[in-house]
Each structure stands twice: as structure tokens, then as C-alpha cells.
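What follows is one structure encoded as C-alpha cells, with my remarks underneath.
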Amino acid sequence: MDQGWAAVTAGGVGLISAVGGAVVGGMAAVRGARIGAETNAAAVLAQSRLQMEGARDQWVRQERQKAYLQVMDCYSLFNRECVQYRDQLKDGRPLGEGTVESYTSTFIALIGACSHLALLGPDSVHAVGGAVRAKAERFVATVKFWNEDLTEALNEDPQCDLGALTSDWWDVLAEDGALMKQAYQAFLITGQRELLRAP
């Protein structure tokens with residue numbers, strides 16, 4: 001019997017050890033699984049964050065490109081009208097009211113496109129867009145003043161010699177045009193640099 005009890009006792013101890021080992025092993029497995037799941041969740045979250053930031057950066061770059069192209073399109077149309085109306089004034093032909101309204105409308109479109117740069121930035125592009133806007137405004141003001149002077153001179157004497165008047169305004173407008181062109185070139189360079197910059 002002593003051997004029987006010894007066997008039963010040994011079996012009981014073995015059973016308790018097996019159960020205890022299974023419990024400890026099970027707890028370790030659960031803890032390991034939880035740590036693995038937390039690590040995996042953190043990795044997935046970090047990857048999702050990187051993807052969202054990448055998608056946002058790509059969206060911003062695309063929207064900036066659209067805004068820069070809008071400025072370019074508006075400036076192209078505006079500049080074409082500037083040359084046309086400058087030459088018309090040089091020829092001694094005042095701009096009619098409808099022409100001035102159309103010119104103002106084209107100018108306002110350029111102003112709006114340049115103003116949109118403030119939304120998307122960066123500050124460097126917004127600054128050069130502001131310079132384009134300011135120089136274009138100055139050019140338009142000069143065209144309007146020249147047109148008023150020309151109209152007034154022709155109303156007083158349709159046969160008057162417009163040489164001196166044309167020469168004075170031509171010089172002012174040439175300087176305004178050069179400054180506007182420089183501002184636009186600075187916008188192009190800055191915008192291109194921004195779009196090609198690595199994210």
C-alpha cells in the first residue's frame with residue numbers, strides 16, 4: 001500500500017504540476033499574444049499615419065500645382081491684353097469703355113488667382129504671387145491714366161500732336177511692364193522650386 005499511496009501521491013503531484021504548468025504556460029501565451037497584438041496594432045497605426053501623411057502631402061502638392069497653373073493661365077491672358085492695349089494707346093487710339101471693363105475683368109481674374117496662393121502656400125509662393133498682383137495693379141493703373149490723358153487730349157484737339165504725351169507714358173509703362181515681368185519670373189522660379197522639392 002505504501003507503494004500505491006506513493007504512486008497516487010506522485011500522480012497527484014504530477015497532475016498538479018501539469019495543470020500548474022499549463023496555467024502558467026497559458027498565461028504566458030496570452031501575455032505574449034497580447035504583446036504581439038499591441039506591437040502589431042502600433043505598427044499598423046504608424047503605417048496608416050505615414051500613408052495618410054503621404055496622401056495629404058500628395059493632395060497639397062496637386063492643389064498647389066493647380067493654383068500655380070491658374071496664375072499662369074490668368075497672367076498669360078492678362079499679359080496678352082496688356083501688350084494689345086499698350087500698342088493701341090501708343091498708336092493714339094484711346095480704349096473704349098467696354099475694352100476697359102474687359103481689361104479690368106481679366107485683371108481681377110489674375111488678382112483672384114494670386115490671392116488663392118495664400119490658402120495653399122507656402123509663404124514664399126504667396127509672397128511672389130503678391131508681388132505679381134502689386135506690379136500688375138500698377139501696370140493697369142498706368143494704362144488707365146494714359147488712356148484718360150489721351151482721351152482728354154483728343155477731346156480738346158482731335159488733331160493734336162501726341163508725341164510728347166505718348167513718349168512720357170510709354171517710358172512709364174515700359175518700366176512698369178519690366179517690373180511686372182520680373183515679378184512673374186520670380187513667381188515661376190519659386191513655384192517650380194516648391195513643386196520639385198522633395199516631400
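The values are calculated or read from the model by the stated rules, or taken from the named source; none is laboratory data. Every value quoted in this text rests on a predicted model; they were computed, and no experiment measured them. We place every Cβ from the backbone using ideal geometry, glycine too, and count neighbours over all the protein chains shown. Each accessible area value is taken on the protein alone, full model and side chains, heavy atoms only, with ligands, DNA and RNA left out. Shrake-Rupley method; radii C 1.70, N 1.55, O 1.52, S 1.80 Å.
At-a-glance table
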item: Theoretical FRET efficiency, 1/(1+(r/R0)^6), r = Cβ-Cβ of VAL83 and GLN51, R0 35 Å, to 0.05; result: 0.15
item: Burial order of peptide ranges 56-66, 178-188 (average beta-carbon count within 10 Å, highest first); result: 178-188, 56-66
item: With every protein chain in place, region 68-199: carbon and sulfur % of accessible area (1.4 Å); result: 54
item: Lysines whose Cα lies under 24 Å from that of LYS144, excluding same-chain neighbours fewer than 8 positions away; result: LYS90, LYS135, LYS181
item: Shape call, region 71-188: gyration tensor on alpha carbons, a/c limit 1.5; result: prolate
item: Approximate spin-label separation GLU97-LEU188, in nm, with each point projected 7 Å along Cα-to-Cβ; result: 3.8
